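The values are calculated or read from the model by the stated rules, or taken from the named source; none is laboratory data. Model, not experiment: these values are computed from the prediction. Glycine also receives a Cβ, built like all others from the backbone with ideal geometry; neighbour counts cover every protein chain displayed. Please note that ligands, DNA and RNA were not included when accessible areas were found on the heavy atoms of the full protein model with its side chains. Shrake-Rupley method; radii C 1.70, N 1.55, O 1.52, S 1.80 Å.
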Amino acid sequence: MENALIKDVVQQLKDVENGELWIDENFTKKLAQVDETTAFERPVPEMHSIAELASHLIEWRKEVLSRLNGNPRGFKMSDAANWRTNQELKVLGWKSLLEDFHRTQRNLISFLETKDDDFLSSPCPHADPSFPYDFKYLVTGLIHHDMYHLGQMGLTIKYLKKGI
């Protein structure tokens, strides 16, 4: 089996983490610009901090991996863990958040590397019956989600550097 689709999805996940993307950005480059202090700063009260964004991405990676395994945690947009406060996250610490961020990405990639293209076309068993989708939709959505928040991190870091 060639598994071109799985290989492509895995490569996209790796690239957004630390690859050479056309947009010339990835999480490794962005997060290297943040330290224990700036990670928890909100340059504008309405903007999320880098720590809040990283935590949000961690939770959704956990949920997607759980769904891929057929055991969704049942994570919802309204769950408090979806957007943890800086106060909560400071207790965990920036180093721990970074470790979780990279670990959840490695876990997702490791899982997908054991699958084939047929797996991606399998229906997600716990999808809402009014909106059925397959695992490809789920994983592609996660990549889009990561890219969206990578952009948010870029704006937050830019504002932090300008002292806004």
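A count restricted to region 114-127 and to residues that are open to solvent by less than 90 Å² (accessible area, probe 1.4 Å) and assigned to a loop (DSSP other than H, G, I, E, B) stands at 7. Determine if region 87-105 includes at least one residue that is aromatic (Phe, Trp, Tyr) and open to solvent by less than 60 Å² (accessible area, probe 1.4 Å). The answer is yes, given that some residue of region 87-105 is aromatic (Phe, Trp, Tyr) and open to solvent by less than 60 Å² (accessible area, probe 1.4 Å). The single residue among 112, 155, 160, 150 that is touching a Lys or Arg at 6+ places or on another chain (Cβ under 7 Å) and either closer than 20 Å to residue 39 by Cβ or of a type outside the set (Phe, Trp, Tyr) (or both) turns out to be 150. The helices (runs of 4 or more DSSP H) found entirely in region 1-104 that carry 3 or more residues being modelled with pLDDT of 95 or more are 4-18, 50-68, 86-92.
Suppose the filter is part of a helix (DSSP H, G or I) and within 17 Å of residue 27 (Cβ to Cβ); does residue 140 pass it? No, not satisfied.
Being among the small types (Gly, Ala, Ser) and touching a helix residue (DSSP H, G or I) at 6+ places or on another chain (Cβ under 9 Å) is a description that does not apply to residue 32. For region 5-27: of the residues being more than 13 Å from residue 147 (Cα to Cα) and touching a helix residue (DSSP H, G or I) at 6+ places or on another chain (Cβ under 7 Å), which is surrounded by the most Cβ atoms within 10 Å (Cβ to Cβ)? Among those residues, the one meeting the criterion is 9.
Out of all the residues in region 55-70, which are in contact with a Phe, Trp or Tyr (Cβ under 7 Å, 6 or more places away or on another chain) and open to solvent by 20 Å² or more (accessible area, probe 1.4 Å)? Selection gives 65 alone.
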